[in-house]
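J.: Quick one: the structure is below, and I'll ask about it shortly.
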C-alpha cells in the first residue's frame with residue numbers, strides 16, 4: 001500500500017513537471033513572437049509568465065532579462081522615464097540572478113553590463129561611477145567568454161565614449177570625491193564599434209553609436225556618412241527602428 005502511494009505521488013509530480021514545462025514552452029513561443037514584432041511590452045508579459053513557470057531555466061531567464069532592458073530603453077525613447085525605471089529595476093535584479101545561476105555564460109555578463117549601464121541613467125554621480133566600472137568589467141568578461149558576440153563591444157564602445165567626454169575638472173572631481181573615474185578614449189570607442197561591425201556588418205545600432213562618437217569628436221563628415229548609411233539599412237530590432245528615427249532627425253538638424 002505504501003509503495004502504491006509513493007508511485008501515485010511520483011506520477012503526480014511528473015505530471016506537474018510536464019505541465020510546467022509545456023507552459024514555459026508555450027509562453028516562450030508567445031514572447032518570441034512579440035519580440036520578433038518589436039513589441040517589447042507584450043514580450044515582457046509572456047516571458048514573465050514563462051519565468052514563473054520555470055524560474056530555473058537559463059533560456060527563459062536570459063530572454064526575460066533582455067526583454068526588461070528592451071522595454072525600459074523603449075520607454076526612455078518614448079519619454080516615459082518613470083515607466084522605464086520600473087522595467088530597468090527589474091532587469092538589474094534578474095541580470096544579477098542570471099549571472100549568479102549561470103556564471104559560465106557570456107550572455108550573463110553581457111546582460112549584466114547592459115543592465116548596469118541602463119540603471120546608471122537613474123542614479124547620482126557616485127553611483128554612476130560605480131555602475132560604470134561594472135559595465136566595463138562585465139563587458140570584458142563577456143568578451144573573454146565569447147569574443148564573437150557583438151553586443152558587449154557595443155556596450156564598451158558607449159562606455160569608452162562617455163568616459164572620453166569627461167573634462168579634466170570632472171575627472172579630478174570624480175577621483176577626489178568618489179575614489180575613481182571611468183577611463184577611455186574616443187579611439188577605443190571607435191575600435192569597439194568597428195569590432196562589432198566586423199562580426200555583423202548590418203548592425204544599425206553599432207553604426208548609430210559610432211556616429212555619436214564622431215559627433216562627440218566634432219567629426220561631422222564621418223558622422224553624416226554613417227547617418228545616411230543607416231537610413232538605407234534593414235530594420236532588424238526595435239533599437240534599429242529608433243536609431244533610424246534619430247538619424248533622420250539629426251540629419252535634418254545638420255542641414256538647417
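J.: Ranked by Cβ crowding within 10 angstrom, fewest neighbours first, how are 224, 44 ordered?
T.: In increasing order of surrounding Cβ atoms, one gets 224, 44.
J.: Return the distance in nm (one decimal) between the two label points of a simple spin-label model at residue 100 and residue 26, each offset 7 Å from Cα along Cα→Cβ.
T.: With each label placed 7 Å out from Cα toward Cβ, I get 3.1 nm.
J.: What is the spin-label model distance, in nm, from residue 166 to residue 133 if the labels are put 7 Å beyond Cα along the C-beta direction?
T.: About 1.1 nm, to one decimal.
J.: Could you give the nm distance between label points at residue 187 and residue 231, where each point is 7 Å from its Cα heading toward the beta carbon?
T.: Inter-label distance under the simple model: 3.3 nm.
J.: Right, something else. Project the alpha carbons of the stretch 38-132 onto their principal axes and report the range along each, largest first, in whole Å.
T.: Projected onto its principal axes, the Cα set of the stretch 38-132 covers 36, 29, 18 Å.
J.: Nearest 10 degrees, 0 to 90: what angle lies between the long axis of helix 220-231 and the longest principal axis of the chain (Cα atoms)?
T.: 40 degrees
J.: How many percent of Cα pairs in the stretch 93-144 exceed 12 Å? Write out the running numbers ahead of the final one.
T.: Values: 772 of 1326 pairs.
So the pairs more than 12 Å apart make up 58 percent of the total in the stretch 93-144.
J.: OK, next. Counting helices only, and only those DSSP H runs with n ≥ 4, report the 222 nm mean residue ellipticity of the chain as the sum of -39,500 (n - 2.57) divided by its residues, in deg cm²/dmol to the nearest 500.
T.: Numbers: 12 runs with 208 residues, N = 256.
So the helix-based figure for the chain works out to -27500 deg cm²/dmol.
J.: Let me ask something additional. Within the stretch 43-69, find all residues whose amide N lies under 15 Å from a label point positioned 7 Å from the Cα of residue 80 along Cα-to-beta-carbon.
T.: Label zone hits: 43-46, 68-69.
J.: Continuing with this model, one more query. Any idea what angle helix 125-145 forms with the longest principal axis of the chain, computed on alpha-carbon atoms, 0 to 90 degrees, nearest 10?
T.: 70 degrees
J.: Semi-axes of the equivalent ellipsoid for the chain, please: Cα gyration tensor eigenvalues, times 5, square-rooted, ordered largest first, whole Å.
T.: Numbers: eigenvalues 304, 97, 51 Å².
So the equivalent ellipsoid measures 39, 22, 16 Å along its semi-axes.
J.: Given 0.36 nm per residue, what is the gain on full extension from residue 200 to residue 37 after removing their alpha carbon distance, in nm?
T.: Values: separation 163, 0.36 × 163 = 58.68 nm, distance 2.09 nm.
Stretched fully, the residue 200-residue 37 segment lengthens by 56.6 nm.
J.: Using a 10 Å cut-off on Cβ atoms, rank the peptides 225-237, 114-126 from the highest mean neighbour count down.
T.: On the way: 225-237: 14.9, 114-126: 19.2.
Those peptides, ordered most packed to least, come out 114-126, 225-237.
FYI, it's all coordinate maths here, none of it is from the lab. Worth saying up front: this structure is predicted, and the values here are computed from it rather than measured. All Cβ positions, glycine included, derive from the backbone under ideal geometry; neighbour counts span all protein chains shown.
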